[in-house]
Amino acid sequence: MIEIETDPDRVFHALSEKNRRKIIELLHHGDSTLLEMSESFDISFQALSKHIKILEQSGVLIKKKDGKYRRLSLNRKALMDSVKWISYYSSFWNESFDQLEQLVNKNSPNATK
């Protein structure tokens, strides 16, 4: 399998648009062609193609030639790298909020001393 280098900025940009997130959601269930994919959208074929191109450039989507069609599939590694990044900072914020809650509870008039 070809290893594709992903840029986190491009991945997050790709994930920032609802139609592209829907494409990812559909591909999560299995590979598809652009024609098959278009049946699930209420946008032009050209607009869908642009979204596919952005996902492909971000490394989230892989397009392979399959006869006269192009088969679309997810590059789950690109998504997992983003999830790891989010998880790292999520734990930081959760710990910070826990510390804030302890401080508020400690200084609360209802706190037992």
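The values are calculated or read from the model by the stated rules, or taken from the named source; none is laboratory data. Model, not experiment: these values are computed from the prediction. Here Cβ is always computed from backbone atoms with ideal geometry, including for glycine, and neighbour counts include all displayed protein chains.
Identify, please: which residue in region 50-88 is small (Gly, Ala, Ser) and loosely packed, with under 12 Cβ neighbours inside 10 Å and is, among those, farthest from residue 24 (Cα to Cα)?
Kept after step one, since they are small (Gly, Ala, Ser), are these residues of region 50-88: 58-59, 67, 73, 78, 82, 87.
So of that shortlist, the ones also loosely packed, with under 12 Cβ neighbours inside 10 Å come out as 67, 87.
Details: 67: 23, 87: 20 Å.
Of everything passing the filter in region 50-88, 67 is farthest from residue 24 (Cα to Cα).
Has region 89-102 got any residue that is surrounded by 11 or more Cβ atoms within 10 Å (Cβ to Cβ) and at pLDDT below 90? Yes: region 89-102 contains one or more residues that are surrounded by 11 or more Cβ atoms within 10 Å (Cβ to Cβ) and at pLDDT below 90. The number of residues in region 64-99 being under 28 Å from residue 49 (Cβ atoms) and within 22 Å of the chain's Cα centre (by Cα) comes to 15. Look at residue 77 and say whether it is modelled with pLDDT under 75 and basic (Lys, Arg). No.
Considering only residues that are of a type in the set (Ser, Thr, Tyr), without any contact (Cβ under 8 Å) to a residue 60 or more places away in the chain and either in contact with a Cys (Cβ under 9 Å, 6 or more places away or on another chain) or within 12 Å of residue 13 (Cα to Cα) (or both), which ones fall in region 51-85? Break it down stepwise before answering.
To start, the set of residues in region 51-85 that are of a type in the set (Ser, Thr, Tyr) comprises 58, 69, 73, 82.
With the extra rule that they be without any contact (Cβ under 8 Å) to a residue 60 or more places away in the chain, the set shrinks to 58, 69, 73.
Of everything in region 51-85, just one residue is of a type in the set (Ser, Thr, Tyr), without any contact (Cβ under 8 Å) to a residue 60 or more places away in the chain and either in contact with a Cys (Cβ under 9 Å, 6 or more places away or on another chain) or within 12 Å of residue 13 (Cα to Cα) (or both), namely 58.
Just to be sure before I move on: is residue 29 surrounded by 14 or more Cβ atoms within 10 Å (Cβ to Cβ) and under 15 Å from the mean Cα position of the chain (by Cα) in the structure I sent? So residue 29 fails the test. The set of residues from region 11-43 being aliphatic (A, V, I, L, M) and in contact with a Ser or Thr (Cβ under 8 Å, 6 or more places away or on another chain) comprises 11, 14, 15, 26, 27, 34.
If the condition is being part of a helix (DSSP H, G or I) and in contact with a Lys or Arg (Cβ under 6 Å, 6 or more places away or on another chain), then region 35-65 contributes 51, 55, 56, 58.
Does residue 63 satisfy the criteria of being under 18 Å from residue 32 (Cβ atoms), of a type outside the set (Ser, Thr, Tyr) and touching a helix residue (DSSP H, G or I) at 6+ places or on another chain (Cβ under 9 Å)? Against the criterion (under 18 Å from residue 32 (Cβ atoms), of a type outside the set (Ser, Thr, Tyr) and touching a helix residue (DSSP H, G or I) at 6+ places or on another chain (Cβ under 9 Å)), residue 63 qualifies.
Looking only at region 66-101, count how many residues are in contact with a strand residue (DSSP E or B) (Cβ under 7 Å, 6 or more places away or on another chain) and either in a helix (DSSP H, G or I) or among the aliphatic types (A, V, I, L, M) (or both). Break it down into steps so the answer makes sense when it comes.
Applying the first criterion (in contact with a strand residue (DSSP E or B) (Cβ under 7 Å, 6 or more places away or on another chain)) to region 66-101 yields 69-75.
Next, only the ones that are either in a helix (DSSP H, G or I) or among the aliphatic types (A, V, I, L, M) (or both) stay: 72, 74.
Here the count works out to 2.
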